Amino acid sequence: ARQPELIKTENAKPGASFQLTRMMPDGAKSYRTSLIEGYCSRQSVAAGETIEFHISTNPPSRYTIEVFRTGYYGGRGARLMATLGPFQGTPQPEPAVEERRRVECRWQSGTALKIPSNWVSGVYLGRLTTLPENSAQPYWQSYVVFIVRDDRPADILFQCSDNTWQAYNRWPGAYSLYDNGQPGMTSTPEVDVSFDRPYGKYRQIYENPQSTGSGEWLCWEFSLAYWLEQHGYDVSYCSNSDLLTPQRGLKCKAFLSVGHDEYWDERAYHSAAAMRDAGVNLLFLSGNAVCWVSPFSPNADGTPNRRIRRTAAGEVIHLHIDR
């Protein structure tokens, strides 16, 4: 059923400070903070489904996970939804470099969360915080990020550009789709990347230490979500991986591609075309939109849509473009 007041009602609830207040990368030019870091088992999850958090702390330390839904919330920018833990963290192994320069973690799950039925669709940040043994020791923080999706009719479907977040993710050091083992960044089809690893600190166009673990969400997309929810727009959220069929978008009046949305599976392109043909408005409020064909593939455990790659010159793809 339609719930046109859902976002307005959600944002009337008390907000909370969600920013990282103490983080430290491994070095001045490092993309990771091994003091505490992690990743989620899925890009998006629906109410009633379970998501796992894979966390590493080095040295071993206890930690908590504060789960926030980002939005407006009276200008605070987020609402605290749950606090998980404390848990005992341990160092998890750094993955080997596999074929096509892929690094894919196989970390043990720190904890799992079943998404409550009353959690509204949105982009959720898990703030990871170590718990020092005494007051003389500092605490350290980073994020994990995931999307809660729904299936309700809505005015606006906000697609997060998480394929591109991962394409530019250099964790643990120079392992993005733009790295081939040589100095500098280049566009090469000989590599692929996995969602089974933390998001490193964003440092492509500018330095953003507070982005550690959150992909490009806080860099390019959050400001529009903040504005939409400030004004009570009826908006729902999805991942790039949720657009492989057009069904979700066909329940909405408008589709937004936001921020930095380069990397698309070909099926998502055809879904957007089908939505357009059915009368859904398509708004590309993004840079380099639909620039690279990047097929999904499963990870080592067979979980679908956990790797992407850039297609190589000479590969056959099928695109139908209206001028």
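Basic side chains Lys and Arg get +1 at the Cβ, acidic Asp and Glu get -1 at the Cβ, and with that the dipole of the chain about its Cα centre reaches some 460 debye.
If you take the beta carbon distance between ALA28 and SER135 as r and set R0 to 25 Å, what does 1/(1 + (r/R0)^6) give as a FRET efficiency, to the nearest 0.05?
On the way: r = 28 Å, r/R0 = 1.12.
Here the calculated transfer efficiency is 0.35.
Given C-alpha coordinates of the chain, what is the ratio Rg to Rh with the Kirkwood estimate of Rh? Intermediate values should be presented prior to the final figure.
Values: Rg = 19.1 Å, Rh = 20.0 Å.
Computed over Cα atoms, the ratio is 0.95.
Taking Cα pairs under 8 Å and at least six residues apart, what relative contact order does the chain come out at, in percent? It rounds to 20 percent for the chain. How high is the relative contact order of the stretch 180-226? Use alpha-carbon pairs under 8 Å, at least six apart in sequence, and give a whole percent. Computed over the stretch 180-226, the figure is 23 percent.
Per residue, how many Å² of accessible area does the stretch 119-214 show with a 1.4 Å probe? Before the final figure, lay out each step's value.
On the way: 3000 Å² over 96 residues.
Per residue, the stretch 119-214 has 31 Å² of solvent-accessible surface.
Counting only protein heavy atoms and a 1.4 Å probe, the stretch 10-114 has 44 square angstrom of accessible area per residue.
Taking the Cα centre of the stretch 34-145 as origin and assigning +1 to Lys and Arg Cβ atoms and -1 to Asp and Glu Cβ atoms, the resulting dipole is close to 340 debye.
Spread over its residues, the convex hull of the C-alpha atoms of the stretch 11-143 is 138 Å³ per residue.
Check each of the GluC sites (Glu not before Pro) in the stretch 168-277 and keep only those in coil by DSSP with at most 14 other C-beta atoms within 10 angstrom; list them in order.
Details: sites: GLU190, GLU207, GLU216, GLU221, GLU229, GLU262, GLU266; in loops: GLU190, GLU207, GLU216, GLU262.
Passing sites in the stretch 168-277 are GLU190, GLU207.
Quickly rank 180-187, 237-244 as a protection proxy: mean count of other C-beta atoms within 10 Å, highest first. Can you show the working numbers first?
Numbers: 180-187: 10.6, 237-244: 22.9.
Listed from highest to lowest mean packing, they are 237-244, 180-187.
Relative contact order, percent, of the stretch 58-109 when contacts are C-alpha pairs under 8 Å separated by at least 6 residues? Show your work: numbers first, answer last.
Numbers: 68 pairs, mean separation 17.3, N = 52.
That works out to 33 percent.
To the nearest µm²/s, what D does Stokes-Einstein give for the stretch 223-307 at 10 °C and 1.306 mPa s, using the Kirkwood radius over alpha carbon pairs as Rh? Mind dumping the intermediate values first?
Details: Rh = 13.9 Å.
Roughly 115 µm²/s, to the nearest whole number.
Sorting LYS253, LYS13 by solvent-accessible area of protein heavy atoms yields LYS253, LYS13, largest first, with a 1.4 Å probe. Of the residues TYR202, TYR168, the one with the largest accessible area comes first in the ranking TYR168, TYR202, computed with a 1.4 Å probe on protein heavy atoms. Placing unit charges on each Cβ (+1 for Lys and Arg, -1 for Asp and Glu) gives the chain a dipole about its Cα centre, and among HIS54, GLY287, ALA274 the Cα reaching farthest toward its positive end belongs to HIS54.
Suppose accessible area is computed on protein heavy atoms with a 1.4 Å probe; arrange ARG276, ARG197 from highest to lowest.
Working: ARG276 95, ARG197 5 Å².
Ranked list, largest accessible area first: ARG276, ARG197.
Counting only heavy atoms of the protein chains and using a 1.4 Å probe, HIS231 has close to 100 Å² of accessible surface. Between the residues SER34, SER187, THR164, the greatest Cα displacement towards the positive end of the dipole of the chain, with unit charges on the Cβ of Lys, Arg, Asp and Glu, is found for SER34. In the chain, the portion of solvent-accessible area held by carbon and sulfur atoms comes to 51 percent [1.4 Å probe, whole percent, DNA, RNA and ligands not counted]. Computed per residue of the chain from DSSP H runs no shorter than four, each worth -39500 (n - 2.57), the mean residue ellipticity at 222 nm is -3000 deg cm²/dmol.
The values are calculated or read from the model by the stated rules, or taken from the named source; none is laboratory data. Because the structure is predicted, anything quoted here is derived from the model rather than measured. Cβ coordinates were reconstructed from backbone atoms using ideal geometry, including for glycine residues, and neighbour counts include every protein chain displayed. For accessibility, only protein heavy atoms count, side chains too; no ligands or nucleic acids. Shrake-Rupley method; radii C 1.70, N 1.55, O 1.52, S 1.80 Å.
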